[in-house]
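The values are calculated or read from the model by the stated rules, or taken from the named source; none is laboratory data. Remember, predicted model here, so these are calculated numbers, not experimental data. Positions of Cβ are backbone-derived with ideal geometry, glycine not excepted, and every protein chain shown enters the neighbour counts. These area figures cover heavy atoms from the full protein model, side chains too; ligands, DNA and RNA do not enter into them. Shrake-Rupley method; radii C 1.70, N 1.55, O 1.52, S 1.80 Å.
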Amino acid sequence: MRKAVIIINGNGGVGKDTLCEFAGAAYRTQNISSVTPIKEIASRYGWRGEKDSRSRRFLADLKRVFSEYNDLPCRYLEEEYRKFLESDAQLLFVHIREGEEIDKFKRHVDIPCITLLIRRGSAQQSWGNASDDNVEKYAYDYCYDNDRELTEAKDDFVRFLQDILGF
């Protein structure tokens with residue numbers, strides 16, 4: 001069975017999760033994020049799921065500290081990647097914000113792996129943290145402009161994936 005990893009990134013609110021759901025109509029997919037273990041820790045100690053600038057900065061700082069201390073985000077992704085390889089899923093979407101973390105994870109992937117930036121519109125919001133604010137500074141393999149109505153975006157994104165993946 002053909003499998004691929006898509007490291008997906010984009011500013012907040014551009015529709016990354018929605019596009020991953022659309023891909024699920026054509027492929028068996030899994031969707032993971034490098035910040036998941038960080039959110040789990042943060043929620044145990046008071047973070048309530050807010051997505052405002054202060055909370056995003058908190059999560060980014062906490063992730064940076066854990067990355068430096070014991071590489072928790074990457075170790076989590078490696079474990080989820082191994083589970084994906086053993087599953088019947090075809091696509092693994094991996095959400096990673098930071099360029100150096102993208103490169104680190106890519107070194108552990110032994111199957112086709114691409115990086116994908118999702119954009120919508122020209123305006124960028126500043127969140128006040130390097131993880132969010134430097135999203136577009138990485139050299140991605142592909143970019144997808146998510147500027148269509150939802151009814152059109154689903155088929156368009158699936159065609160886009162079929163073109164770049166070849167399956």
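Among the conditions (1) in a helix (DSSP H, G or I); (2) in contact (Cβ under 8 Å) with a residue 12 or more places away in the chain; (3) open to solvent by 40 Å² or more (accessible area, probe 1.4 Å), residue 60 misses just one, which is (3).
The conditions of being touching a strand residue (DSSP E or B) at 6+ places or on another chain (Cβ under 6 Å) and at pLDDT 95 or above are met by residue 119.
Residues in segment 15-36 that are of a type outside the set (Ser, Thr, Tyr), farther than 12 Å from residue 89 by Cβ and open to solvent by 10 Å² or more (accessible area, probe 1.4 Å): 15, 16, 17, 21, 22, 25, 26, 35. Note on segment 24-57: residues that are of a type in the set (A, V, I, L, M, F, W, C), assigned to a helix (DSSP H, G or I) and under 18 Å from residue 130 (Cα atoms) total 1. Residue 11 falls short on exactly one of the conditions (1) within 13 Å of the chain's Cα centre (by Cα); (2) at pLDDT 95 or above; (3) surrounded by 15 or more Cβ atoms within 10 Å (Cβ to Cβ), and that condition is (2). Yes or no: segment 43-57 includes at least one residue that is in contact with a Leu (Cβ under 6 Å, 6 or more places away or on another chain) and open to solvent by 40 Å² or more (accessible area, probe 1.4 Å). For segment 43-57, residues in contact with a Leu (Cβ under 6 Å, 6 or more places away or on another chain) and open to solvent by 40 Å² or more (accessible area, probe 1.4 Å): absent.
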